[in-house]
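First up is the structure itself, then whatever we jot down about it.
The values are calculated or read from the model by the stated rules, or taken from the named source; none is laboratory data. Everything numeric in this text was worked out from a predicted model, so none of it was measured. With ideal geometry, Cβ positions are generated from the backbone for all residues, glycine too; neighbour counts draw on all protein chains shown.
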Amino acid sequence: VAGLVLGPMLRFADDTRATVWVETDRAADVEVLGHRARSFHVAGHHYALVVIGGLEPAAAVPYDVRLDGEPVWPRPDDPRPPPVVRTRVANRTRLVFGSCRAASPDERPWSLTAAEHPLGRGPDALKAYARRLMRQDHDAWPDALLMLGDQVYADDASPWTRAFARTRRDTGRPPYEDVADLEEYTELYREAWSHPDVRWLLSTLPTAMIFDDHDIIDDWNTSARWLRQARSWDWWDARIVGGLSAYWLYQHLGNLDPDDLSDDPLYHEVGGLEDAAPLLGEMARAADRDPTTFRWSFDRDLGLAHLVTVDSRAGRILDGDRDMIDEGEWRWFEDRLREPTRHLLVATSLPLLLPPAVHDVERWDEALVAGAWGAPGVRLGEVVRQAVDLEQWPAFGAAFDRLVGDLHDVAAGVHGHRPDTLAVLSGDVHHGYVAEARWPDVERPLWQVVASPMRQEISLPARASYRFARTPPGRALGRVLRRLAGVAAPELSWDLVDGPVMANHIATLDIGDGDAVLRLEVAERTPSDGVRLVTAVERDLTGVQRSGRTATADRRARRLRVVDT
Ligand SMILES: [Fe+2]
């Protein structure tokens, strides 16, 4: 009898449709709410995505999963509420989001922070969130979960995946106990999403995801020089092919809506093959060699909000004119921004707006590598770039300027609509914050919200440098370096208004009729060894001008508590 290996994961839901993803232990017919899909086969693993239609809007429909007609989920003895497909509700949108979540055991020492024990990563904010949700009514549940990168750490695997690697190859040579190939990736994902509470959460909240570097490797695609070096490693091909194949299977496929799926030639093709691993491998190798062959970016209509998710890792152009994405993907993105919405949320794993001093240093470094200080500067710039991870949007200056320009046009109403909220949601940097940005000629602010990590640590040097960046000498140093490299200041000006939140946390954005309330909540251990979520930041992002007062004066911003442990 067939069984589930992972899932069910509710990946998509709108007014009447949904998709449910599963990994099964053998080939099977998968059935959810009377809709069926046949599993497809990839290197000994079996997957299916069931497309469900004909649902009622604003409904919560309990479901089970049947394999070859036999119910396999939920398990009869599971104390958690049954999983439901919830279709969109009018007049409110709730999004929960976060990034950087290392899979580790729950027990001590892993539940301790790194300051308390070298193996510790602290309590898992996603698990804490799942536990709270179980006690709440359906009405309080968010409409979607967005995971903003580093869903898995291929270069920092947990104890179980390391043990698995040791059973199948010589881990005394590269990539040592890091993930080597597709087979080890399947183990890494299984581990990340199998804890019963997390598995329950993923079965009942539609989830969208975009990768960051650690889903493949630290500093992935930082520069042309980095990539040339990576391609010289004899283990790199299996890693990148395994990583992108696994990403397509575990993350990308569920990002697509039913229309995208029915138009997707690769999705159709995998279903007809005895083993789709070679085909996925070909896709992965092509996407890595020529980023124009694949678009990982996607968008989702969340009701009151339009979520446009931009890949800022896999699609980079590294030779010649550096860019975050290729021209075709830019056009796709810019077309999405023309679609009217009340709340525009642009998601990208890497922050657009960093602390101003860090922004300046990234612009300075890119100018150096481009030759602003001659040959010695080129070498220095590349060394500094790789040593301290100067790789967010400002390190791709042209892409930063284009994205900021695109957002300016939206805020200025160039496309005939002016969203009440304009926010960029990001992860990556292992400390959460909110930055408020202003253009001189536009009333509405642009918000940068960073939610990272759900379960990770920020290194002491990184913590110290971000702290220094916020001091007046830090900011002055950044400005001087940027000017010395001949880079102009951006027209947009911004500052951090909340945070940094260094402890594990998760963000929610609660969009109602007249407001969009953002919360960052920190996972804290309770004295009884449980976990709870404590609000660290709460702020209304709508910034709509009311009764003649400025948006800034009117926003109901409250900084409840800044957690800087
Ligand atoms: Fe991370």
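Would you mention how many residues in the stretch 184-207 are assigned to a loop (DSSP other than H, G, I, E, B) and either buried (at least 20 other Cβ atoms within 10 Å of the Cβ) or within 16 Å of the ligand (Cβ to nearest atom) (or both)? Number satisfying all stated conditions: 2.
Restricting the stretch 69-90 to residues that are surrounded by fewer than 15 Cβ atoms within 10 Å (Cβ to Cβ) and over 17 Å from A13 (Cβ atoms), the residue that is farthest from the ligand (Cβ to nearest atom) is G69.
Of everything in the stretch 122-152 that is hydrophobic (A, V, I, L, M, F, W, C) and assigned to a loop (DSSP other than H, G, I, E, B), the residue that is farthest from the chain's Cα centre (by Cα) is W141.
When R26, R36 are checked against the criterion of being surrounded by fewer than 20 Cβ atoms within 10 Å (Cβ to Cβ), assigned to a strand (DSSP E or B) and more than 28 Å from the chain's Cα centre (by Cα), a single residue qualifies: R36.
Whenever a residue of the stretch 405-431 is in contact (Cβ under 8 Å) with a residue 12 or more places away in the chain, its partners that are of a type in the set (S, T, Y) and within 16 Å of the ligand (Cβ to nearest atom), lying with C-beta atoms within less than 6 angstrom and at least six residues away or across chains, give the pairs S426/T348; G427/S99; G427/S349; G427/S452; D428/S349; D428/S452; V429/S452; H430/S452. For V531, the conditions (1) out of contact with any Gly (no Cβ under 7 Å at 6 or more places or on another chain); (2) under 29 Å from D139 (Cβ atoms); (3) modelled with pLDDT of 95 or more; (4) buried (at least 18 other Cβ atoms within 10 Å of the Cβ) all hold with the exception of (3).
Sub-6 Å Cβ pairs linking a first residue in the stretch 133-151 that is under 21 Å from D218 (Cα atoms) to a second residue that is in a loop (DSSP other than H, G, I, E, B) and polar (S, T, N, Q), at least 6 apart or interchain, are L148/S99; L148/S349; G149/S99; G149/S349; D150/S99, ordered by first then second residue.
Out of the residues in the stretch 153-183 that are within 16 Å of the ligand (Cβ to nearest atom) and either more than 27 Å from P206 (Cβ to Cβ) or more than 18 Å from the chain's Cα centre (by Cα) (or both), which is modelled with the lowest pLDDT?
By that ranking, first place goes to S158.
Only one of the numbered conditions (1) free of Cβ contacts under 8 Å to residues at least 12 places away in the same chain; (2) crowded, with 18+ Cβ neighbours inside 10 Å; (3) of a type in the set (V, I, T) is violated by V450, and that is (1).
Where residues in the stretch 405-435 are under 21 Å from S349 (Cβ atoms) and charged (D, E, K, R), which of them is surrounded by the most Cβ atoms within 10 Å (Cβ to Cβ)? It comes out as D428.
Restricting attention to the stretch 263-277 and to residues that are under 28 Å from L205 (Cβ atoms) and among the charged types (D, E, K, R), the residue that is surrounded by the fewest Cβ atoms within 10 Å (Cβ to Cβ) turns out to be D263. Scanning the stretch 79-103 for residues that are of a type in the set (F, W, Y) and either at pLDDT below 95 or in contact with a helix residue (DSSP H, G or I) (Cβ under 9 Å, 6 or more places away or on another chain) (or both) returns no hits. Does E339 qualify as being out of contact with any helix residue (DSSP H, G or I) (no Cβ under 9 Å at 6 or more places or on another chain) and more than 24 Å from E191 (Cβ to Cβ)? Judged against the criteria, E339 is a match. Considered as a group, the residues in the stretch 110-140 that are of a type in the set (G, A, S) and at pLDDT below 90 include one that is farthest from the ligand (Cβ to nearest atom), and that residue is A140.
Okay, residues lined up against (1) modelled with pLDDT of 95 or more; (2) closer than 29 Å to V369 by Cα; (3) more than 16 Å from the ligand (Cβ to nearest atom):
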| residue | (1), (2), (3) |
| --- | --- |
| Q386 | no, yes, yes |
| H417 | no, no, yes |
| L425 | yes, yes, no |
| D428 | yes, yes, no |
| A435 | yes, yes, yes |
| E443 | no, no, yes |
| W447 | yes, no, yes |
| I458 | no, yes, no |
| R463 | no, yes, no |
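Scanning the stretch 278-322 for residues that are among the small types (G, A, S), modelled with pLDDT of 95 or more and surrounded by fewer than 16 Cβ atoms within 10 Å (Cβ to Cβ) gives a single hit, A286.
Select from the stretch 218-247 the residues that are within 16 Å of the ligand (Cβ to nearest atom), buried (at least 21 other Cβ atoms within 10 Å of the Cβ) and not polar (S, T, N, Q) and write down the one among them that is farthest from W21 (Cα to Cα).
Keep residues of the stretch 218-247 that are within 16 Å of the ligand (Cβ to nearest atom), which gives 218-222, 243, 247.
Narrowing further to those that are buried (at least 21 other Cβ atoms within 10 Å of the Cβ): 220-222, 243, 247.
Filter once more, keeping what is not polar (S, T, N, Q): 220, 243, 247.
On the way: W220: 27, G243: 19, Y247: 14 Å.
Selected residue: W220.
The residue list E107, E56 contains one member that is over 30 Å from D513 (Cβ atoms) and either assigned to a strand (DSSP E or B) or away from the ligand (no atom under 16 Å from the Cβ) (or both), which is E107.
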